[in-house]
Amino acid sequence: MTRRLLVPSIAFLIAGPLGAQVGYPPEKSPYEDLLGKQAVTYGVGLFVPGGDPAGVGPGNAIMVSGRYELKLSNALWLNTRLGYVPSAMRVVKDPLFSDALRIYGAQIDQYVIGDASFGVNLTGNKSWRRVVPQVHGGFGFISTLGEEYDLGAYRFGTKFQLNYGLSARIVTRGAWEVQADLTHMFWKYKYPADYAGDGGTTDTSILGDRSTSPWKGNAILTFGVSRFFFR
């Protein structure tokens with residue numbers, strides 16, 4: 001009988017101090033459970049194309065966006081976003097001329113960006129010191145609002161894009177929270193055949209012997225406020 005009582009008693013005495021050393025008291029823990037299973041985020045930020053070999057793509061511009069987020073599991077979220085760039089300037093070039101003479105002028109275009117991605121909270125269903133970092137990746141599109149070709153027979157059109165990024169959610173313990181997001185997007189440019197040349201010493205084409213359909217990386221940085229539901 002004594003032996004039967006001795007073993008659990010020793011186990012209890014060992015487990016007690018160990019339990020006190022692991023983790024934090026609830027009132028001092030840097031981790032907090034997250035509330036909310038859906039969210040709508042309103043954001044504003046900067047659209048930063050990476051530059052294209054021909055130099056006729058859009059330049060940096062302001063972007064506004066709306067995003068819907070749905071919690072799928074403990075740390076997995078489905079994110080969908082629609083962005084609008086109201087004014088992005090780009091250069092118009094005439095491939096029939098060379099050097100400075102080929103710069104015809106500038107054109108201002110509008111763009112719509114849509115994407116869907118899966119995001120994983122790096123802290124699970126908890127925040128760490130009220131911050132929730134998330135990595136995400138997905139796909140979508142970017143399209144210019146306008147169907148006209150420019151003088152050099154180029155237009156941006158609609159492009160498929162792949163993306164990945166990192167975001168941070170700032171927990172306020174209320175229904176409204178703050179978010180920041182940096183997304184890197186890849187899309188393929190498609191230039192007219194007149195842009196290309198042979199790359200020789202007398203070649204004065206816009207691209208030379210470079211590809212007329214290159215992939216380029218681009219960035220979007222946004223800051224927004226989020227309204228969480230079903231808390």
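Looking at region 187-199, can you tell me whether even one residue there is at pLDDT below 95 and closer than 21 Å to ARG227 by Cβ?
The answer is no; no qualifying residue exists.
For residues in region 121-174 being under 30 Å from THR212 (Cα atoms) and among the charged types (D, E, K, R), which is nearest to the chain's Cα centre (by Cα)?
The extreme case among them is LYS159.
Might you check whether a residue that is hydroxyl-bearing (Ser, Thr, Tyr), surrounded by 13 or more Cβ atoms within 10 Å (Cβ to Cβ), assigned to a strand (DSSP E or B) and touching a residue at least 24 places away in the same chain (Cβ under 8 Å) occurs anywhere in region 78-92? So that I can check it myself, show each step before the final result.
Residues of region 78-92 that are hydroxyl-bearing (Ser, Thr, Tyr), as a first pass: 80, 84, 87.
Checking which are surrounded by 13 or more Cβ atoms within 10 Å (Cβ to Cβ) leaves us with 80, 84.
Remaining after also requiring assigned to a strand (DSSP E or B): 80, 84.
After this cut, where a residue has to be touching a residue at least 24 places away in the same chain (Cβ under 8 Å) as well, the list is 80, 84.
Within region 78-92, one or more residues are hydroxyl-bearing (Ser, Thr, Tyr), surrounded by 13 or more Cβ atoms within 10 Å (Cβ to Cβ), assigned to a strand (DSSP E or B) and touching a residue at least 24 places away in the same chain (Cβ under 8 Å).
Pick from GLY197, GLY208, GLY165: which is more than 19 Å from ARG67 (Cα to Cα) and either crowded, with 16+ Cβ neighbours inside 10 Å or in contact with a helix residue (DSSP H, G or I) (Cβ under 8 Å, 6 or more places away or on another chain) (or both)?
GLY197
The values are calculated or read from the model by the stated rules, or taken from the named source; none is laboratory data. Since the model is a prediction, treat every value here as computed from it, not as a measurement. Because the Cβ atoms are built from the backbone with ideal geometry, glycine has one as well, and the counts that use them run over all protein chains shown.
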